[in-house]
Amino acid sequence: MASLKDFRTRITSVKSTQKITKAMQMVAAAKLKRAQEAAESARPYAMRVAATVANLAGTVQGDGAPKLLRGSGQDQVHLVVVATSERGLCGGFNTNIVKKARETILALEAQGKTVKILTVGKKGRDQLKRSYGERMIGHIEFAGIRSLGATQSAQVSQLLVDRFQAGDFDVAHLIYSKFKSVISQIATTQQLIPVVAPEGLVSADLGGGIYSYEPDEEAILEALLPRYLDSQILGALLENAAGFYGAQMGAMDNATRNAGDLIKKLTLQMNRKRQAMITTELTEIIAGAQAV
Amino acid sequence: MASQGKLHFSLVSPERSLYSGEVDQVVVPGVDGQFGALSLHAPFMTVIKSGAILILDGADERRIYVGGGFADVSAQGLTILAEDAVDLSSLDTKALERDLHNAREDLRDAKDSYGKDLAQRKLDRLEAIQAAV
């Protein structure tokens, strides 16, 4: 049976843990706001690029189309890009992404495809290493980078384009967590290569004129597609970052509440124990007095 | 819709929107030569080189360095999708010199090919900015 002193130490330790989780929750809330702003400000560029790609993809078709749009003409080797966070303490955030990745990989393999994996973010690699280690063709980590930006997404897209041109894979999927709200992030799969021309975008109103292109459509599309890929990856990374802080905030809120419950429970137990001790002592004194 | 005589101009980089407003004219360095866009320009799209774009509005003149990208002129106005953009009017030339110096040193000190590549890219960018100034 634990002594009163044991209880006191235990309560102090839970209290300090609670302070830490509370602080982490507040830090996550502040960072979440910044991450959301970053995701928001990246949107105009992404939308313009997407609209332009949609515009051009309609006009350039057939053999003249760039390889990124046309694909390699095969559908055998699939690359799964798994984007997760660098750090943990965020509830089921990474686990959900990895679960989605596993499902995707299993589904592709059931169709007889060859699957290769590229992990972006430390946590995804840690979780996938054991079961899919031999399929991994690369890993990108952004440890120590405070705010994700175009430099980081360019690193990913450059690698993808290089590998694709080298014929390492035919189709690339990106798995990341879509930021729906602070409390809900949904793991999503998105096809990156061959580029899927965005649909549902209204092409720009030309006012009756015809677009002229310099140098020409193909050249522009050729240069634009990597940028489009880039902006898609950047968007995914930023959403992931926002989702991560949202998940962390939720997890830390839970932890703080749990610690509070634990403290209450321990205090109650400690008081019971103390009262029991007093009662025992009194009984002993009374019994002693009667014996005399 | 752009008002008569004024061109709606917006400059966006992957990370954020940098400029949006009505101006008189924008001079853009296209791959096939520099061009000026006024309002009611015919729909036109081009790849742009790295260099300075010049924004003219009344007596105001602003120069912004763009590191490559696309210019898209439509009835809605001119949109530049820049890969990298630095406002030259608020640029500290002394800081630029210092950065250039540091970048050259970094390149000299870089050990592996990856570090060298990174340093070279950084230096190229800074040199392009200086050339634009």
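Just so it is clear, none of the values below were taken in a lab; they were calculated from the coordinates. Worth saying up front: this structure is predicted, and the values here are computed from it rather than measured. Every residue, glycine as well, gets a Cβ built from its backbone with ideal geometry; the counts of neighbours run over all protein chains shown.
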Selected residue (only one of A:GLY112, A:GLY71 is on the phi > 0 side of the Ramachandran plot, surrounded by fewer than 19 Cβ atoms within 10 Å (Cβ to Cβ) and in contact (Cβ under 8 Å) with a residue 60 or more places away in the chain): A:GLY71
Among what's in region B:70-87 and is farther than 15 Å from A:ALA51 by Cβ and assigned to a strand (DSSP E or B), pick the residue that is farthest from the other protein chains (Cβ to nearest Cβ). B:ASP87
Confirm whether B:GLY67 is within 14 Å of the chain's Cα centre (by Cα), under 26 Å from A:ALA46 (Cβ atoms) and touching a residue at least 24 places away in the same chain (Cβ under 8 Å). yes
Scanning region B:10-49 residue by residue, those more than 13 Å from chain A (Cβ to nearest Cβ), part of a strand (DSSP E or B) and in contact (Cβ under 8 Å) with a residue 12 or more places away in the chain turn out to be B:GLY21, B:GLU22, B:VAL23, B:GLN25, B:VAL26, B:VAL27
Please go through region A:142-185 and pick out each residue that is loosely packed, with under 13 Cβ neighbours inside 10 Å, in contact (Cβ under 8 Å) with a residue 40 or more places away in the chain and of a type outside the set (S, T, N, Q). A:ALA143, A:GLY167, A:ILE183
Within region B:20-39, how many residues turn out to be among the hydrophobic types (A, V, I, L, M, F, W, C) and over 11 Å from B:ALA52 (Cα atoms)? 5
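Please specify each residue of region A:120-137 satisfying the condition of being of a type in the set (S, T, N, Q) and more than 14 Å from the chain's Cα centre (by Cα).
At the first step, the residues of region A:120-137 found to be of a type in the set (S, T, N, Q) are A:127, A:131.
Once the filter is applied, which keeps residues that are of a type in the set (S, T, N, Q) and more than 14 Å from the chain's Cα centre (by Cα), region A:120-137 yields only A:SER131.
Does A:LYS33 satisfy the criteria of being more than 14 Å from chain B (Cβ to nearest Cβ) and free of Cβ contacts under 8 Å to residues at least 12 places away in the same chain?
Details: more than 14 Å from chain B (Cβ to nearest Cβ): yes; free of Cβ contacts under 8 Å to residues at least 12 places away in the same chain: yes.
For A:LYS33, the condition - more than 14 Å from chain B (Cβ to nearest Cβ) and free of Cβ contacts under 8 Å to residues at least 12 places away in the same chain - is met.
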Got a sec? Which strands (runs of 3 or more DSSP E) wholly within region A:39-140 have at least 1 residues that are farther than 15 Å from A:ALA172 by Cα and within 14 Å of chain B (Cβ to nearest Cβ)? A:136-140
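Okay, residues lined up against (1) among the hydroxyl-bearing types (Ser, Thr, Tyr); (2) in contact (Cβ under 8 Å) with a residue 24 or more places away in the chain; (3) over 30 Å from A:ILE137 (Cβ atoms):
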{"position": "A:ALA39", "(1), (2), (3)": "no, yes, no"}
{"position": "A:PRO44", "(1), (2), (3)": "no, no, yes"}
{"position": "A:LEU56", "(1), (2), (3)": "no, yes, yes"}
{"position": "A:THR59", "(1), (2), (3)": "yes, yes, yes"}
{"position": "A:ALA65", "(1), (2), (3)": "no, yes, no"}
{"position": "A:GLN76", "(1), (2), (3)": "no, yes, no"}
